C-alpha cells in the first residue's frame, strides 16, 4: 500500500507555506511521501524533512520536473483534487478499493491534460476553499479515520495529549 | 446553532494565504462566520468576502482586537485547536452535544491563557501539520459529514461536478 501526494506548480514566494502545509498534512494523515514540481524550494523541503526527522516515520519528500511521467507511470489509481470534480463522498468506496494512490494537488493553473489523464477528479464540497483541507479530507476518507492511530517509529519528539497546556517529550 | 471560527494573531505578510484558507474552509465546511485578530488585512478580508458574495450563503467576516472578550463572552463551548490538545476523536461526542461553538485557531505564538480559558484544547493527530487541515477535520466531525450537503442560497456561481474538466454555471 503506497500513497503519494504530488503537488504541481509550486512557487517559492507565493506558495511556500501552503505547500509545506500540504506536505505536513500528507505525512500526519498517513501518506508515504510527497513529490512537488514547479520551483525547487530547498527551504521548504528542509523544513518538512526536519519535522519528519524529529517526529518520526518514514515520510519522504522529493522534487521533480517530470510530473507528467509520475502520473503516467503510476501503478495504481491517480486522483486529482479540484473544486470542479466529483463529490468525494460519491467516490470514497472506489478510492478505498485501491491500494496505491497518487493524489494530485494543483497549483495556480492546472493544465487541462491533468483533468483528462487522471483516473478520478474529486472535489471536497464543490466550494472554493483550500487544497490543504481537501487533501486532509481525502486522506481521512481513504484511511477511514485510522490515520488518527498511525504511529511514527523513530520519533525524537512526541506531543502528549493534554487538557490544558503543552507537553512534548524527547524520546 | 452558531459556529464561529476565531483566528488569532494574523500577520499580513506571512499569514495572508493561510488565514484566507482558514476563512474559506470555515465557510465551505459550514461555519457561520470568521473573526480574526492581529493585523487588520483588508486585502485578505475582501478576497474572502468576494468568494462569499459570488458563491452564496450568509458567511460573515470580521476583524477584532478584542479577541479575549469574544472568548470570555461566548455563549456555548469554546474549542482551541492545538497540536498539544486532546485527540479530536475522544471529544467528538462532547462537541456534537453543543449547539454554539467558538473554534479558536492560533497564530505563531498563542498566549498560555488561551489554553487555560477555553473549554477544550483539541488536537487532530497530535502531529505538527496545518491549522487549515485541523479546522476542516474539526468541522467535519462536528457536522458529521452533513457539511457536504450544505447549500449556499443566493449563489451567483456554482460548480457542477464533472468526471473531467470544469463546469461553472452563473445563476
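Key figures for this structure:
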{"quantity": "Filter result for the condition that a residue is away from chain A (no Cβ under 12 Å) and more than 19 Å from residue A:137 (Cα to Cα), over B:157, B:171, B:120", "calculated": "B:171"}
{"quantity": "Matching residues, segment A:92-113, being within 14 Å of chain B (Cβ to nearest Cβ) and either surrounded by fewer than 21 Cβ atoms within 10 Å (Cβ to Cβ) or at pLDDT below 95 (or both)", "calculated": "A:92, A:94, A:106, A:107, A:108, A:109, A:110, A:111, A:112, A:113"}
{"quantity": "Meets criteria (under 19 Å from residue A:130 (Cβ atoms), within 12 Å of another protein chain (Cβ to nearest Cβ), at pLDDT 95 or above and part of a helix (DSSP H, G or I)) for residue B:14", "calculated": "no"}
{"quantity": "Count of residues meeting criterion [farther than 23 Å from residue B:115 by Cβ and either crowded, with 23+ Cβ neighbours inside 10 Å or free of Cβ contacts under 8 Å to residues at least 24 places away in the same chain (or both)] in segment B:8-21", "calculated": "4"}
{"quantity": "Looking only at segment A:136-146, and only at residues there that are over 15 Å from residue B:83 (Cβ atoms) and facing another protein chain (nearest Cβ under 8 Å), the one that is modelled with the lowest pLDDT", "calculated": "A:145"}
{"quantity": "Filter pass, residue B:4 being crowded, with 22+ Cβ neighbours inside 10 Å and either in a loop (DSSP other than H, G, I, E, B) or at pLDDT 95 or above (or both)", "calculated": "no"}
{"quantity": "Enumeration of residues in segment B:22-53 that are in contact (Cβ under 8 Å) with a residue 60 or more places away in the chain and buried (at least 22 other Cβ atoms within 10 Å of the Cβ)", "calculated": "B:22, B:25, B:26, B:28, B:29, B:31"}
{"quantity": "Residue A:121 vs. criteria surrounded by 22 or more Cβ atoms within 10 Å (Cβ to Cβ) and within 19 Å of residue A:9 (Cβ to Cβ)", "calculated": "yes"}
{"quantity": "Options A:57, A:76, A:85: the member that is buried (at least 17 other Cβ atoms within 10 Å of the Cβ) and either more than 14 Å from chain B (Cβ to nearest Cβ) or at negative phi (or both)", "calculated": "A:85"}
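The values are calculated or read from the model by the stated rules, or taken from the named source; none is laboratory data. What you see is a predicted model, and the numbers here were worked out from it, not measured in a lab. Counting neighbours? That spans all protein chains shown, and the Cβs are built from the backbone with ideal geometry, glycine included.
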